[in-house]
Amino acid sequence: MKYTLLILFVFFTSFHPPETTVFICGSTGAKKYHYKETCRGLSSCSHGVVKTSLKQAQGYGLTLCGWED
């Protein structure tokens, strides 16, 4: 019983949830981020789609695409 509690304690205190990955258009005028690389909001992106973290996209001032909210 002691070992089970110790293992659970170590697991929950060291667990870091993975960062959410989002996709943005590579142009400097991008305003939205997308959860799916196949989102129709990215269909007109001609500068290439870039994979990044949600935290970083929000740091750029980007907001969620209207097709995905």
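Data for the structure
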{"read-out": "Total residues in region 49-69, condition open to solvent by 70 Å² or more (accessible area, probe 1.4 Å), in contact (Cβ under 8 Å) with a residue 24 or more places away in the chain and not in a strand (DSSP E or B)", "value": "4"}
{"read-out": "Residue satisfying all of: in region 25-48; in a helix (DSSP H, G or I) and not basic (Lys, Arg); most open to solvent (accessible area, probe 1.4 Å) among these", "value": "GLY41"}
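The values are calculated or read from the model by the stated rules, or taken from the named source; none is laboratory data. Owing to the predicted nature of the structure, the values given are computational and were not obtained by experimental measurement. All Cβ positions, even for glycine, are placed from backbone atoms using ideal geometry, and neighbour counts span all protein chains on display. Please note that ligands, DNA and RNA were not included when accessible areas were found on the heavy atoms of the full protein model with its side chains. Shrake-Rupley method; radii C 1.70, N 1.55, O 1.52, S 1.80 Å.
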